Amino acid sequence: MKVLEGESLAVPPLWMMRQAGRYLPEYRQTRAQANGFLDLCYTPTLATEVTLQPIRRFGFDAAILFSDILVVPDALGQDVRFEEGRGPVLEPIDPARIGEFAGKDVLGHLAPVLETVERVRQALPAETTLLGFCGAPWTVATYMVAGSGTPDQGPARKLSMGEPEAFDALMDILVEASTRYLVAQLRAGADAVQIFDTWAGVLDEEGFKRWAIEPVRRIVEGVRAEIPGAKVIAFPKGGGARLKAYAEATGADALGLDWSVPLAAARDAVGGLALQGNLDPMRLIVGGAALENGVRQILEAMQGYPHIFNLGHGITPDTPVAHVERFVQLVRGG
Ligand code: CP3
């Protein structure tokens, strides 16, 4: 929270995107008790348990609510399933019927997730930050339109160009639902929230302004209208040369950086705004010198600057737990 206020700390705070997940044996064990992945997200006792697991094991400085970005389309009434070995599967939307997603009781549907936030806040040590999150409208829309993950987000890119009014209507619905959802998470006990825009980087210049920057700007504004000073981290993966414009326009308190971003350039671009990232998760899989060098380079580049140590994207299931232990030691000067 200090870094989000613009303070630079001698040892940066540390957490990892997807820190609760399949690389942890205790996660796999809890996961097996649930009736599928969404059931895990909607069962407060189990979701609380998996949120806390990486904190117990590694002592990260922040916990992130265990849930998924696709609970929002689920709450809007789209059919969302997670299939073993295939990832998310949704009933692709009909552009002519986007209006049917409006006016849904999103917070009623997500009440179990908000209960998880309350439970986690009560169970966490006071010094551990609790992060809530949602997906950015653009990234969530890529799944809603295609019905699954895609190599190039082609279906959403085509719809956004071919039927921009329909796409605007979808963005409006997602902006409203996401704003209310983040406000509710902050009221339930989240200290700050992160907006994940995993697929921002595939947009062209016009698309980036209209579908990545503008919806996130509106969410940040809407959240702060309800909760003045609310702290928001935005993660526009692949934002690259557009980070300066993104930071200025969205008003986020910190930007998450993927591993392709040169840190010196990012520091110059955002002028004092906190930055989060950006170790390539592959270095965590490989371990050894690859991990040590990666961590050292980031620590050096970000010295004296408000920085939250993290990966440049989520940790993957094939990461050895011992490498994560070493990673924590390295970041903390060991
Ligand atoms: O970071 C955390 O630990 C909090 C929990 C979290 C999950 N997903 C848990 C999860 C968060 C913040 C997310 C975000 C998310 N979900 C994003 C944005 C960030 C990113 O990683 O790009 C996206 C695009 C999704 C959509 C999603 N969820 C996909 C594509 C998949 C399948 C891929 C896979 O790894 O299987 C998921 C499933 C998912 N979400 C898992 C976890 C731990 C694995 C599911 C399982 O346990 O079977």
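The values are calculated or read from the model by the stated rules, or taken from the named source; none is laboratory data. The model shown is predicted, which means the values in this text are computed figures rather than measured ones. Using ideal geometry, Cβ is built from the backbone for each residue, glycine included, and neighbour counts are taken over all protein chains shown. Surface accessibility is based on the protein's heavy atoms, side chains included, excluding ligands, DNA and RNA. Shrake-Rupley method; radii C 1.70, N 1.55, O 1.52, S 1.80 Å.
Numbers for the structure displayed
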item: Pick from the stretch 2-37, criterion within 16 Å of the ligand (Cβ to nearest atom), assigned to a helix (DSSP H, G or I) and within 20 Å of the chain's Cα centre (by Cα), ranking: farthest from Leu284 (Cα to Cα); result: Phe37
item: Test set (1) closer than 30 Å to Tyr305 by Cα; (2) open to solvent by 10 Å² or more (accessible area, probe 1.4 Å) - Trp15 fails condition number; result: (2)
item: Elements of type helices (runs of 4 or more DSSP H) contained in the stretch 48-157, each with 3 or more residues being over 20 Å from the mean Cα position of the chain (by Cα) and surrounded by 15 or more Cβ atoms within 10 Å (Cβ to Cβ); result: none
item: Near pairs, Cβ below 6 angstrom, 6+ apart or cross-chain, from the stretch 41-54 (farther than 14 Å from Pro125 by Cβ) to any residue that is within 10 Å of the ligand (Cβ to nearest atom) and open to solvent by 20 Å² or more (accessible area, probe 1.4 Å); result: Cys41/Asp68
item: Residue, nearest to Ile233 (Cα to Cα), within the stretch 134-144, restricted to residues that are touching a strand residue (DSSP E or B) at 6+ places or on another chain (Cβ under 9 Å) and not small (Gly, Ala, Ser); result: Cys134
